[in-house]
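Trainee: Take this structure, written in structure tokens, and hold onto it; I'll ask about it next.
The values are calculated or read from the model by the stated rules, or taken from the named source; none is laboratory data. Model, not experiment: these values are computed from the prediction. Heads up, the Cβs are rebuilt from the backbone with ideal geometry, glycines too, and the neighbour counts pull from every protein chain shown.
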Amino acid sequence: MVRSTRKVLLVAAAAAASCSVKMTFVPGPLGRSGAMAAGAAAGVMMAPAAFADQIGDAAKKLGGASYDFAKEVDWNNGVFLQAPGSFQPLKALKAIDKMIEMGAAADPELLKKAADAHHKAIGSISGPNGVTSRADWDAVNAVLGRVVASVPKQKVMDVYDAVKDITDPKVPAYMKSLVNGADAEKAYQGFLEFKDVVAANEVTTASAAATVPTGDKIGTAAKALSDASYPFIKDIDWLSDIYLKPLPGKTAPETLKAIDKMIVMGSKMDGNLLKAAAEAHHKAIGSIDAKGVTSPEDYEAVNAALGRIVASVPKQTVMDVYDSMAKIVDSSVTNNLFSKVNPLDALSAAKGFYTFKDVVEAVQR
């Protein structure tokens, strides 16, 4: 269940990657005054058009202060795959839950724009450090600022506090040591100014909850899948650190190509259904036991929500993700995971999944 939480956040995580990594480098804790934009590291979704130019202009100013720093960061470094402190999966899940709540409160149209901006930025990546162009750097910062401004302050602060709670206080200084310290300081000051502009344009109330379909074919199929696969779910060690391990033999640029396909898929998802999926995951996290397994009812709701968002995306876009993942995940990975569970439970889950897949495909737009 811990791992399945990431599925709904495909776009959110990708959209947050640039901001989260960038903030990791700033010296010392950001403090609550810096928390507004710190939440962007996790954020996902109606920001008034009136503040578009203010945040856009501020993003350009931030770019002027931070792009030298961005060019110094080794974006291909495997350190970004590691936990930011001691490995505490259930405690980290609480932070993920706050990110999901923030995402569910954000504007889905802005999320789409954030995904589109990141897709474009990936296309302009160059050089040994994997840095995007200055124009795309500014565009990503602007749209992330708008996403954060579409979320009430308390939800942003909840993310900041939860992430701070699992981050070793030595991390910022270490990350700063990997770049030019003066450039990091300059970027941090620019970030604080940008944060103030975002905070000045922040909404005060969250958007309404998502509308959840009922009585549909996907919902019925999700129940059948859940009944067939729940024993398998209970077999899995959701608290293992294996999910933080890099894919064997694959470089960061190779993996980024697959992530890019995920971002494109996410940008095409129905906003209401994506929000509903986030809300379903939040509820499911609330029923997780000491082994990281959610309740059967919440597991079924998550499967239904995921099926609906996949069905809201054109088939070719989904296949692009599948094909890109097939290129970076070899049989050693699947064989290793299979060896850790009851094979009969895994086969039952696979059979249920293929049936579920057919139902989703039949109603896919």
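Trainee: For segment 193-230, which positions are farther than 30 Å from Asp358 by Cα and among the acidic types (Asp, Glu)?
Mentor: Those that are farther than 30 Å from Asp358 by Cα and among the acidic types (Asp, Glu): Glu193, Asp196, Glu202.
Trainee: Let me ask you something else. Does Ala117 satisfy the condition of being surrounded by fewer than 21 Cβ atoms within 10 Å (Cβ to Cβ) and in a helix (DSSP H, G or I)?
Mentor: So Ala117 fails the test.
Trainee: Sticking with this structure for a sec: Among the residues of segment 239-270, what is the count of those that are part of a helix (DSSP H, G or I) and within 15 Å of the chain's Cα centre (by Cα)?
Mentor: The first filter runs over segment 239-270 and keeps only residues part of a helix (DSSP H, G or I), leaving 241-244, 252-267.
Subsequent filtering for residues that are within 15 Å of the chain's Cα centre (by Cα) retains 243-244, 256, 258-267.
Number satisfying all stated conditions: 13.
Trainee: Does segment 49-61 contain at least one residue that is surrounded by 16 or more Cβ atoms within 10 Å (Cβ to Cβ), modelled with pLDDT under 95 and outside any helix (DSSP H, G or I)?
Mentor: The answer is no, given that none of the residues of segment 49-61 is surrounded by 16 or more Cβ atoms within 10 Å (Cβ to Cβ), modelled with pLDDT under 95 and outside any helix (DSSP H, G or I).
Trainee: Turning to a different aspect of this structure: Read through the list (1) under 21 Å from Lys71 (Cβ atoms); (2) not in a helix (DSSP H, G or I), then give the number of the only condition that Glu185 fails.
Mentor: Unmet condition: (2).
Trainee: Same structure again: Which ones in segment 286-340 are assigned to a loop (DSSP other than H, G, I, E, B) and polar (S, T, N, Q)?
Mentor: Ser287, Thr294, Ser295, Ser312, Ser339
Trainee: Residues of segment 160-182 being in contact with a helix residue (DSSP H, G or I) (Cβ under 6 Å, 6 or more places away or on another chain) and outside any loop (DSSP other than H, G, I, E, B), which ones?
Mentor: Pass one, segment 160-182, residues in contact with a helix residue (DSSP H, G or I) (Cβ under 6 Å, 6 or more places away or on another chain): 160, 162-163, 166, 175-176, 179-180.
Those that are in contact with a helix residue (DSSP H, G or I) (Cβ under 6 Å, 6 or more places away or on another chain) and outside any loop (DSSP other than H, G, I, E, B): Tyr160, Ala162, Val163, Ile166, Met175, Lys176.
Trainee: In addition: Exactly one condition in (1) closer than 24 Å to Gly145 by Cα; (2) more than 22 Å from the chain's Cα centre (by Cα); (3) not charged (D, E, K, R) is false for Val179; which is it?
Mentor: Just one mismatch for Val179, condition (1).
Trainee: Has segment 97-111 got at least one residue that is surrounded by fewer than 23 Cβ atoms within 10 Å (Cβ to Cβ), among the small types (Gly, Ala, Ser) and closer than 27 Å to Thr205 by Cα?
Mentor: no
Trainee: In segment 194-217, how many residues are assigned to a helix (DSSP H, G or I), surrounded by 15 or more Cβ atoms within 10 Å (Cβ to Cβ) and either modelled with pLDDT under 95 or not charged (D, E, K, R) (or both)?
Mentor: Residues that pass the stated criteria total 4.
Trainee: Hey, another quick one. Just a yes or no: is a residue in segment 224-233 at pLDDT 95 or above and polar (S, T, N, Q)? First the steps, then the outcome.
Mentor: If we filter segment 224-233 for residues that are at pLDDT 95 or above, which is where we start, we get 224-233.
Then drop every residue that is not polar (S, T, N, Q), which leaves 226, 229.
Yes; the residues of segment 224-233 include at least one that is at pLDDT 95 or above and polar (S, T, N, Q).
Trainee: Check Gly181, Gly145 and return the single one that is buried (at least 20 other Cβ atoms within 10 Å of the Cβ) and of a type outside the set (A, V, I, L, M, F, W, C).
Mentor: Gly145
Trainee: Regarding segment 218-230, can at least one residue be identified that is in a loop (DSSP other than H, G, I, E, B), among the polar types (S, T, N, Q) and surrounded by fewer than 17 Cβ atoms within 10 Å (Cβ to Cβ)? Before you say what the answer is, go through the steps one by one.
Mentor: To start, the set of residues in segment 218-230 that are in a loop (DSSP other than H, G, I, E, B) comprises none.
No, segment 218-230 contains no residue that is in a loop (DSSP other than H, G, I, E, B), among the polar types (S, T, N, Q) and surrounded by fewer than 17 Cβ atoms within 10 Å (Cβ to Cβ).
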